[in-house]
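Let me begin by presenting the structure, written as structure tokens, before commenting on it.
The values are calculated or read from the model by the stated rules, or taken from the named source; none is laboratory data. Just so we're clear, the structure is a prediction, and the values are computed from it rather than from any experiment. As a convention, Cβ positions derive from the backbone with ideal geometry for all residues, glycine included, and neighbour counts pool all protein chains shown.
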Amino acid sequence: MNNKIKESVLERLEREGITPRSRLYWLSYEYAFWGAWLLSVVLGAVALAVLSFTSLYIGYSLYEATHQSFLTFFFDTLPYLWFLAFAGLTIVAYFNLRNTKRGYKYPLYLVVGSSFGFSVVGAVVLHSLGAGFYLDHYMGQHLKSYQSRAEFEAQMWQNPLEGRLLGVLKAPSDDDLKQVLFTDVNNEDWDVTITELRTRDAELLLSGHKVRMLVATTTEELRDGMIACAVFPWILDAAPGVERWRAERKNFIEDVEERRAKLQELVKDIKEVVKDDDSVSPPRPNFSTTTAEDVVRVAEQSPCSNHPVFRRERN
Amino acid sequence: MPEYSDPTDNELVAYSLRERAFFGNLVERYEKRLERYITRLGVLDPDDRADVLQEIFIKVYRNLNSFDQSLSFSAWIYRIAHNEAISWYRKRQSRPEGYLVSEGDDIVKLIASDDEDAEGLFDKQINKKLLLRALEQLDDKYREVLILRYFEHLEYEDISDILQVPTGTVGTLVHRAKKQLKQKLEPLNI
């Protein structure tokens, strides 16, 4: 058989006019894999940039205001799509690199590590340029099935039944600025009492910027007797920096702490008054028949103290 | 043909790209080795073997420009032969049946030499037929790597190029193949 093989091969090459594929063909074949690898790494970097944006800015600073616990918040807000996209693109990059001429020679950790590593480096650069925010925002605007982080946050905050509103101040309702007309993102108007707000929060609301607001109601009818408890800026109209989130978290903690401190101060005052009944001046309530605990109980029944966020924080 | 009486593989590749007739020299140089190799991989019928062999060389010629001169031509052509044999099994939808011609006893010594645990086992006189049966029962990837290492006497580097796996993986495969072979031989009381 062997003697025939050489003849039959050469004869077939001649008969069928078989020629070696050009160098260019093989070069383009090789470059196609490298190109596909590079594309996967770049897309992986983009996915990771959006993933990092959506993970870092998932509204952690105010999670107590939107979720019952950190765990429910974590699983509700995790950007699964981008996790899957990044993992998928890393796998695609791995296979493309493996299929290059010498790709099989590299150990697994090097192939996966390089694809992963380059994507991470690219993502850091893209993230620092705010690309994650812009892509997320762009996709939210152009893809019906995609919900951007801003839309997700808006959906969480526009929920009057849960005591959260997202919108802007329309106009003060009265002259002494105790009540304002607030328009939410669904274009519904709300009369909101702002006397319980801290000065900083009231200023923010009155600035006319889009804000997130924690509200409480005094009646069963939502529209009546709505009281603003805290105001936070809406910061997802542009790529926010981590510093801004930290400042927001700090502000929220301060808000909660301030309310707690006020309550403690009130308790202290009352105890002193009860102890030294003679010093009570006429304008102050008559505490002779009331214990400090009773007063605290009454204070705690104020709408804002009863807001789920502050109640949870207090507990 | 140029002045060299015994040109290297790489030179023959270069000549073949310029003049088809030189490819005949490459065919002559590798036809026996590759025939033996695909036989070991399980292409037993002489007519099938001739067809597979012809396809291998046609493919080699067609892909000559993809050969990386910095690698071993021998490993490259084995790679094509390996793929063609696998492809032949797939077309026939059959599992390869290793047919290990007449080198069984030497192979046993070679396999044993790298594995201290298996040494005692392989020091015994092994019935060649039983060994062949055990080899046939191995997973394809293990049988392939044992064939390349102990029947084709190839280095890890070349096996790495043929199977397209990292060199470290070849070592792992050889080790596991021997372990599996030992397990297959145990019930046979060897």
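Does the stretch B:77-88 contain any residue that is within 11 Å of another protein chain (Cβ to nearest Cβ), surrounded by fewer than 21 Cβ atoms within 10 Å (Cβ to Cβ) and either in contact with a Cys (Cβ under 7 Å, 6 or more places away or on another chain) or modelled with pLDDT of 90 or more (or both)? Reasoning before the result, please.
Taking the stretch B:77-88 first, the residues within 11 Å of another protein chain (Cβ to nearest Cβ) are B:79.
Now restrict to residues that are surrounded by fewer than 21 Cβ atoms within 10 Å (Cβ to Cβ): B:79.
Restricting the remaining residues to those that are either in contact with a Cys (Cβ under 7 Å, 6 or more places away or on another chain) or modelled with pLDDT of 90 or more (or both) gives B:79.
Within the stretch B:77-88, one or more residues are within 11 Å of another protein chain (Cβ to nearest Cβ), surrounded by fewer than 21 Cβ atoms within 10 Å (Cβ to Cβ) and either in contact with a Cys (Cβ under 7 Å, 6 or more places away or on another chain) or modelled with pLDDT of 90 or more (or both).
Give me the helices (runs of 4 or more DSSP H) completely within the stretch A:1-116, filtered to those with at least 3 residues that are free of Cβ contacts under 8 Å to residues at least 12 places away in the same chain, ordered by residue number. Write out each step before concluding.
Values: elements: A:2-15, A:23-56, A:63-66, A:70-77, A:80-98.
So the answer is A:2-15, A:23-56, A:70-77, A:80-98.
Quickly run through the stretch A:186-212 and pick out the residues that are surrounded by fewer than 18 Cβ atoms within 10 Å (Cβ to Cβ), in contact with an Asp or Glu (Cβ under 8 Å, 6 or more places away or on another chain) and not in a strand (DSSP E or B).
A:Arg198, A:Lys210 - these are the residues of the stretch A:186-212 that are surrounded by fewer than 18 Cβ atoms within 10 Å (Cβ to Cβ), in contact with an Asp or Glu (Cβ under 8 Å, 6 or more places away or on another chain) and not in a strand (DSSP E or B).
Where residues in the stretch A:123-168 are closer than 26 Å to A:Leu204 by Cα and of a type in the set (A, V, I, L, M), which of them is surrounded by the fewest Cβ atoms within 10 Å (Cβ to Cβ)?
A:Leu161
So, in the stretch B:54-79, of the ones that are without any contact (Cβ under 8 Å) to a residue 24 or more places away in the chain and part of a helix (DSSP H, G or I), which residue ends up nearest to B:Glu152 (Cα to Cα)?
Taking the candidates together, the pick is B:Gln54.
Within the stretch B:56-72, is there a residue that is within 12 Å of chain A (Cβ to nearest Cβ) and out of contact with any helix residue (DSSP H, G or I) (no Cβ under 8 Å at 6 or more places or on another chain)?
Among the residues of the stretch B:56-72, at least one is within 12 Å of chain A (Cβ to nearest Cβ) and out of contact with any helix residue (DSSP H, G or I) (no Cβ under 8 Å at 6 or more places or on another chain), which makes the answer yes.
Give just the number: which of (1) at pLDDT below 85; (2) in a helix (DSSP H, G or I); (3) touching a helix residue (DSSP H, G or I) at 6+ places or on another chain (Cβ under 8 Å) does B:Pro96 not satisfy?
It fails just one condition, (2).
Are any residues in the stretch B:155-190 surrounded by fewer than 22 Cβ atoms within 10 Å (Cβ to Cβ), in contact with an Asp or Glu (Cβ under 9 Å, 6 or more places away or on another chain), away from chain A (no Cβ under 14 Å) and among the aliphatic types (A, V, I, L, M), and if so, which ones?
Across the stretch B:155-190, the qualifying residue is only B:Val174.
The conditions are (1) out of contact with any Leu (no Cβ under 6 Å at 6 or more places or on another chain); (2) part of a helix (DSSP H, G or I); (3) not assigned by TED's automatic domain parsing to the domain that holds A:Leu39, and A:Gly167 fails exactly one of them. Which is it?
Just one mismatch for A:Gly167, condition (2).
Among the residues that make up the stretch B:128-140, is at least one of them within 30 Å of B:Asp68 (Cα to Cα) and modelled with pLDDT of 90 or more?
No, there is no match, as no residue in the stretch B:128-140 is within 30 Å of B:Asp68 (Cα to Cα) and modelled with pLDDT of 90 or more.
Would you be able to say whether some residue in the stretch B:45-52 is crowded, with 18+ Cβ neighbours inside 10 Å and either assigned to a helix (DSSP H, G or I) or at the interface with chain A (Cβ under 10 Å from one of its Cβ atoms) (or both)?
Taking every residue of the stretch B:45-52 in turn, at least one turns out to be crowded, with 18+ Cβ neighbours inside 10 Å and either assigned to a helix (DSSP H, G or I) or at the interface with chain A (Cβ under 10 Å from one of its Cβ atoms) (or both).
So A:Ser119 passes all but one of these: (1) surrounded by fewer than 15 Cβ atoms within 10 Å (Cβ to Cβ); (2) part of a helix (DSSP H, G or I). Which condition number does it fail?
Every listed condition holds for A:Ser119 apart from (1).
Which numbered condition trips up A:Lys101, out of (1) under 30 Å from A:Ala87 (Cα atoms); (2) in contact with a Ser or Thr (Cβ under 6 Å, 6 or more places away or on another chain); (3) surrounded by fewer than 19 Cβ atoms within 10 Å (Cβ to Cβ)?
(2)
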